[in-house]
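Here's the structure we're looking at; comments come further down.
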Amino acid sequence: MMKILAVCIVYICLVPQTGISCTTFCINQGDRTIFGRNFDWKTGNGSVFINIKGITKTAQSYESSKQFTWVSKFGSATFNQLGRELPYGGMNETGLVVETMMLRDTEYPLLPDSRSKIGLFQWIQYQLDSFSTIEEVIKSDSQIRIKANIGAHFLVCDVSGKCVSIEFLKGQQVYHTKEKLPVKVLSNSKYSEALSFWKNDQIPENDTRRSIARFTLAANMIGKYNPKKESPVDYAFKILSRVSNPSDNQWSIVYDIGKFCIYFRTKENRKIRYFFLKTFDFSSTVPFKSLDINADFSGDITSRFID
């Protein structure tokens, strides 16, 4: 397993991060919070995992120092390509959603400190295992630090509708929330940079993988949403279609957070599928469940997950 994982991570590192064009956003409509996410890359294989609670986990480390361990407090559903416990994103049973996008400007801490180290994708699983609010996710930076060769930033939302963007720049956690997050959108540019271009109604001449253009389009479409014309879930998929790179758009995911319902479609299977998170038993006495993300199903797939 570790050998396969190492090969996968090397492959990701060799693919230029400018070749990945992912977009996330959040729509707050009344008491509903809708979170959209595109995964645009070269390959679309993967699984949807149902992760149970009460499981002791250990952060992967190639160093001899003491490894970080934790026990999963909450169950979750995650979208994985590298295997179990290494998600690109997901939602836990409390309604916390964490999604990641590549960011070439990332600089994780380099100097040693007292915090435990954890890999990029395990960081996502740890947040889903452990917390229910964005404040708790922000605060976790005092205890753990990411050690990775892949630059990334995150959009995180909870069941209350609050969101935060989290980045690691010049070795420090940088986050935007509340009034500092006037637009709940993230692409593959630093949030402050994308927000500045959007406010000035500008697109830079050198807009790598249309990152600023995608941010601007998503932000503008959110502002124009009319709930009297279509449902927020349908509109979220419309935004995802507009901001996608059609040749590389592998997964489009929509979380209806308050209803604990997750919708998705893939490049290989364009039919929209959905499942209800609250129907699963997350106790440690039940087997793990999973589903091939490209399986030829449609509609409600809650019962399609297998042990």
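Pick from the range 163-189 the residues that are part of a loop (DSSP other than H, G, I, E, B) and farther than 20 Å from residue 141 by Cβ: which of them is farthest from the chain's Cα centre (by Cα)?
182
Among the residues of the range 191-227, write down those that are at pLDDT below 95 and either crowded, with 18+ Cβ neighbours inside 10 Å or part of a loop (DSSP other than H, G, I, E, B) (or both).
204, 205, 206, 207, 209
How about the range 103-116: which of its residues are surrounded by fewer than 22 Cβ atoms within 10 Å (Cβ to Cβ), in contact (Cβ under 8 Å) with a residue 40 or more places away in the chain and not β-branched (Val, Ile, Thr)?
104, 105, 107, 108, 109, 110, 111, 116 - these are the residues of the range 103-116 that are surrounded by fewer than 22 Cβ atoms within 10 Å (Cβ to Cβ), in contact (Cβ under 8 Å) with a residue 40 or more places away in the chain and not β-branched (Val, Ile, Thr).
All but one of (1) touching a residue at least 40 places away in the same chain (Cβ under 8 Å); (2) touching a helix residue (DSSP H, G or I) at 6+ places or on another chain (Cβ under 8 Å); (3) crowded, with 16+ Cβ neighbours inside 10 Å; (4) over 18 Å from residue 68 (Cβ atoms) hold for residue 155; state the number of the condition that does not hold.
Result: residue 155 fails condition (2) only.
Which pairs have Cβ atoms under 6 Å, sit 6 or more apart or on different chains, and link a residue in the range 277-303 that is closer than 23 Å to residue 259 by Cβ to one that is in a loop (DSSP other than H, G, I, E, B) and among the β-branched types (Val, Ile, Thr)?
Taking only residues 6 or more apart or on different chains, the pairs are 282/52.
Among the residues of the range 93-119, which ones are farther than 17 Å from residue 24 by Cβ, in a strand (DSSP E or B) and among the polar types (S, T, N, Q)?
116
Taking the range 110-135 on its own, how many of its residues are modelled with pLDDT under 95 and under 15 Å from residue 156 (Cβ atoms)?
0
The values are calculated or read from the model by the stated rules, or taken from the named source; none is laboratory data. Since the structure is predicted, the reported quantities are computational estimates derived from the model, not experimental observations. Cβ sites come from the backbone with ideal geometry, for glycine too, and all protein chains shown count toward neighbours.
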